[in-house]
1. Kindly establish whether Asp271 is under 30 Å from Ser66 (Cα atoms), open to solvent by less than 50 Å² (accessible area, probe 1.4 Å) and at pLDDT 95 or above.
2. Of all the residues that make up the stretch 275-296, how many are over 16 Å from Tyr341 (Cα atoms) and either of a type outside the set (S, T, N, Q) or open to solvent by less than 10 Å² (accessible area, probe 1.4 Å) (or both)?
3. May I ask you to verify whether Ser301 is over 20 Å from Val75 (Cα atoms) and either open to solvent by less than 40 Å² (accessible area, probe 1.4 Å) or away from the ligand (no atom under 16 Å from the Cβ) (or both)?
4. Could you please give the count of residues in the stretch 187-208 that are part of a helix (DSSP H, G or I) and more than 16 Å from the ligand (Cβ to nearest atom)?
5. Check whether at least one residue in the stretch 219-236 is closer than 25 Å to Arg41 by Cα, modelled with pLDDT of 95 or more and surrounded by fewer than 21 Cβ atoms within 10 Å (Cβ to Cβ), and report yes or no.
6. Could you tell me how many of the residues in the stretch 430-475 are assigned to a strand (DSSP E or B) and either within 25 Å of Ala107 (Cβ to Cβ) or assigned by TED's automatic domain parsing to the domain that holds Asp42 (or both)?
7. What are the residues in the stretch 431-450 that are under 30 Å from Thr63 (Cα atoms), surrounded by fewer than 21 Cβ atoms within 10 Å (Cβ to Cβ) and modelled with pLDDT of 85 or more, if any?
Amino acid sequence: MFSKRTLRSALGGSGVALLAAAAAVVSLTIPSAQAAGTPLRDLAAAKGVYMGTALMQNELTGTSGSIAAAQFDSVTPGNEMKWESVEPTRGTYNWGPADQIVAFAQAHDMQVRGHNLVWHSQLPNWLTSGSFSNGDLHAIMIKHVTDEVTHFKGEVVHWDVVNEPFNEDGTFRSDLWYNQLGSSYIADALTAAHAADPGAKLYINDYNIEGQNAKSNAMYNLVKSLKAQGVPIDGVGFQAHFILGQVPSDFKANLQRFADLGVDVAVTELDVRMQLPSDATKLQQQAADYTTVMNDCLGVSRCKGVTVWGFTDATSWVPSTFPGQGAATPYDENYQPKPAYTAIQTALGGTTTTPPTTPPTTPPTTPPTTPPGGSGCAVTYGVNQWNTGFTANITVRNGGSAAVDGWTLKWTQSSGTQTVTQAWNATVTRSGTGYTATNLSYNAAIPAGGSTSFGFNADWSGANPAPAGFTLNGAACSVS
Ligand code: XIL
């Protein structure tokens, strides 16, 4: 069952309502979409965590944009906030690509994870080949951190201030920053970021620190010492770029030991790569790995959320970085959800109606009967709304004594304009202010006492009140 949600905002707009009511009758049919069940972001919110994805500037529109907006409530720019992108020339900032991602996030009620400010990689040439004095390099770092955090002040919830500071053996990575400035560059970057936006949560982020090992011990000792010195450090990001079947068994215990230092933790770049080609067995193992990671985070109260490093195999960084490997994300290259998607959804408490792989060959044992009457059906209408769109999840319960075989649910939108863009577990059509949802072949039957769920995404303007009433096969339903 979906939990009932209240509308986050109920705008007025009765004038628009009249226009909408008078609008010419239009009818549109929406194909059932990839992901059935409640979107991940709604499930995550109900659990008190965020569910994020990395997203690149060229993924904000079309299928990728609509899936990202529907499923995720946090966005990490994949490259657009990195030094080489933001400050390609010394002192000249290129905010455009990152600003576009931030605007997309704001339009879809998603928070932004800023990534990243100080790192050894994706630095501009002017910086790596500049041969700066230590003093100049320090000033350059502080200015960059200050300017970038200031630009996004109030817009970025979590910042990966320092990325990947350690070697595998727990020594500091020998990069531009450590080699010239020593380990104090970390505290200095955090302090500058905090001064620029005291409201942002500041993280250090790294990979291969998910289990307890030399590298995570070093991170642990660093965070402990930063806390002891009063340096502004709010959290540790665990990238979680995993190899199939190799999620460390002590991941949760490790997250907990960091939380016990008094910092938040987050899974920041999750993917689970495999040797290509993928097959059903590997995809099942991958789903199990995603389940483990989700449960590890959910099992630690200071774990704030999970971000996947791209949600689709179509654009994942894995194949170009690890030759021969891929299929690391929850959606395949055709933007279809994989078992890993369902694993995340289930770990977050969702239930999914999975279409059968083969249609039933035997007729139902109970012959089709008359649909239940008014008191026989009950509808729950849950909505997650942002300023221009919403996701509706509808559960229809058959409270009658006879099974329903084939169903049509109808309702009317009393005001505002709603345009359905995507539906799952049903075909949803609109004609003027009237909406009709009909079953797909696999969920035609609702047994007596049983229920079925479907949902849709839509754009709205003017107003978007919850529908007052529904009919199931022509008979009025109660609404809860
Ligand atoms: C990756 C991006 O996804 C690629 O597009 C880019 O070519 C290289 O960087 N750890 C990090 C991320 O912190 O910034 C990296 O992102 C992946 C590894």
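1. So Asp271 passes the test.
2. Count: 3.
3. When the stated conditions are applied, Ser301 passes them.
4. Looking only at that region, the number is 9.
5. The answer is yes, given that some residue of the stretch 219-236 is closer than 25 Å to Arg41 by Cα, modelled with pLDDT of 95 or more and surrounded by fewer than 21 Cβ atoms within 10 Å (Cβ to Cβ).
6. Total meeting the criteria: 9.
7. Thr433, Gly434, Thr436, Thr438, Ala444 - these are the residues of the stretch 431-450 that are under 30 Å from Thr63 (Cα atoms), surrounded by fewer than 21 Cβ atoms within 10 Å (Cβ to Cβ) and modelled with pLDDT of 85 or more.
Rundown of residues vs (1) β-branched (Val, Ile, Thr); (2) buried (at least 17 other Cβ atoms within 10 Å of the Cβ), yes/no style:
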| residue | (1), (2) |
| --- | --- |
| Asp169 | no, no |
| Arg173 | no, no |
| Leu176 | no, yes |
| Asp188 | no, yes |
| Ala192 | no, yes |
| Gly199 | no, no |
| Ile204 | yes, yes |
| Gly211 | no, no |
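The values are calculated or read from the model by the stated rules, or taken from the named source; none is laboratory data. Here the structure is a predicted model, which means the values were calculated and not measured. For neighbour counting, all protein chains shown are included, and Cβ atoms are generated from backbone atoms with ideal geometry for every residue, glycine included. We work out accessible area using only protein heavy atoms, side chains counted, and drop any ligands, DNA or RNA first. Shrake-Rupley method; radii C 1.70, N 1.55, O 1.52, S 1.80 Å.
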